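S.K.: Dropping a structure here in structure tokens format, bear with me for questions.
Values quoted throughout were computed directly from the atomic coordinates according to the rules given, and no laboratory measurement underlies them. In this text the structure is predicted, and so the values were computed from the model without any measurement. As a convention, Cβ positions derive from the backbone with ideal geometry for all residues, glycine included, and neighbour counts pool all protein chains shown.
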Amino acid sequence: MKKTLLFAAALIASVSAFAQPVQPVQTIVAPTAVSADKPAEKTALEGFKFETVKENPITSVKDQASSGTCWCYSGISFLESEILRLNNKIDDIDLAEMFVVYNSYADRAVKYIRLDGHLTFGQGSSFGDVLYTIKDHGIVPQDVMTGLNYGTERNQHAELSAGLKGYIDAISKNPNKTLSTAWLNGYKGILNAYLGEAPEQFTWNGKTYTPQEYFKSLKIDLNDYVDITSWTHLSYYEEHPVEVCDNWRWEQAYNLPLDEMIAVIDNAIENGYTVAWAADVSEMGFTRNGIAVNPDPELIDKAKKAGSDEAKWLGATAGARKFDPKAPVKEMEVTPEIRQKGYDDKSTTDDHGMHLYGIAKDQNGTKYYLVKNSWGTNSKYSGIWYVSESYVRYKTMDILVHKDAIPKDIKKKMNLK
């Protein structure tokens, strides 16, 4: 996902914790929009009120801080929920994101050199990268590898990323005309300095493991997970590469009609599964305080009128990309064509990975999804976002789910067993 999310992530402070029960859903009280014939001071105000319909177990909210590693935090969070589901309960399950980041960087360097530098190289990646890395390298608990080997208590990856990029670009020019046997060790030296060495063996709860042995002890089969997207320019029910720059592993996703992609999400949640969710969060309706809505374009146009009463209550300012509604608003009706237009004209972009785990409804009966973010707990709902269905329909890039979470009729069309 985009590195631009580093700025937003850096604004929010948090503390990491071991796995714990899902945090209770809260109710926010804030002003509603006011009609033209009712002055604000005489209008009953109620704000957003949410009722949880269904929620599934998640581990504690983490903080990616100043790093572009949302893909890893959300992918790991998703797998932690799957481990909880498959094993009924494992106390204190907290997997090391930086173990995955370390090995992902190492794998990417090899591919970057093979392609003479013609590959995206940065902090972003994909859900598929989490799966592939764990398959190949295993995984370790968070306490075994925190990745904080450079003098800070929170992730701060700009210097690491710049150092790796400078090194790998120099090597890709092949100055000796033949690659030496030392270049990869030199590259890993940078990773070791910043993230710490990836352990080949460790002791956990009195037992010695390799990362692969620890992964096997978690009893999860990564072959059971599939990536899904929805675009009209691709044939349905077939796999296609996820067409975003950060997909350097060239992960494939099944392309489904929009209504069926939403049906997969709903069926998953209703049946005890969760969903890894990649989306565009640069939209006006994705607030930094736990709410994401997809406001009707006419509403935005009206709200942008400087000094208008509507602008005041909708939290919008003229000429600025700000829309912070204080209560439910009228939202866009999203069709496959509208969704595709956003993708084609680049108004829908690959920004951020999150973890979708429940369904709620507001006081008007509008459906929202409960989303666990990785921006820490210093927000209205302690790191949880309420994201409207309209927003999910419009701005989803792709999702990752267990294949058994897919409705049987859709699964049959995908030729999945």
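S.K.: If you add up the charges near Glu337, with Lys and Arg at +1 and Asp and Glu at -1, over every other residue whose beta carbon is less than 14 angstrom from its beta carbon, what do you get?
M.R.: Working: positive: Arg339, Lys341, Arg393; negative: Asp259, Glu333, Asp344, Asp345.
For residues surrounding Glu337, the net value is -1.
S.K.: Continuing with the same structure: Could you compute the net charge surrounding Ile190? Neighbours are other residues with a C-beta less than 11 Å from the C-beta of Ile190; K and R count +1, D and E count -1. Please report the intermediate quantities before stating the final value.
M.R.: On the way: positive: Lys165, Lys188; negative: Glu159.
Summing Lys and Arg as +1 and Asp and Glu as -1 gives +1.
S.K.: Also: Among 368-381, 249-262, how do they line up by average Cβ neighbours within 10 Å per residue, starting with the highest? Display every interim value, and only then the final one.
M.R.: On the way: 368-381: 23.0, 249-262: 19.6.
Result, highest mean first: 368-381, 249-262.
S.K.: Sticking with this one: What FRET efficiency do you get for Asn149 and Leu184 if R0 is 22 Å and r is their Cβ-Cβ distance, rounded to the nearest 0.05? Each step should come with its number before you reach the end.
M.R.: Details: r = 19 Å, r/R0 = 0.88.
So, using R0 = 22 Å, E works out to roughly 0.70.
S.K.: Report the gain in length on full extension from His240 to Ala193: 0.36 nm times residue separation, minus Cα-Cα distance, nm rounded to one decimal. If you can, show how the numbers build up before the last one.
M.R.: Numbers: separation 47, 0.36 × 47 = 16.92 nm, distance 3.75 nm.
Fully extending the segment from His240 to Ala193 adds 13.2 nm.
S.K.: Would you tally the net charge around Ile168, using a Cβ to Cβ cut-off of less than 11 Å, leaving Ile168 out, and scoring K and R as +1, D and E as -1? Each step should come with its number before you reach the end.
M.R.: Values: positive: Arg108, Lys111, Lys165, Lys173; negative: Asp169.
Charge balance near Ile168 sits at +3.
S.K.: Taking the Cα centre of region 335-413 as the origin and placing charges on Cβ (Lys, Arg +1; Asp, Glu -1), which of His352, Trp385, Leu400 is farthest toward the positive end of the dipole?
M.R.: Among His352, Trp385, Leu400, the one farthest towards the positive end of the dipole of region 335-413 is Leu400.
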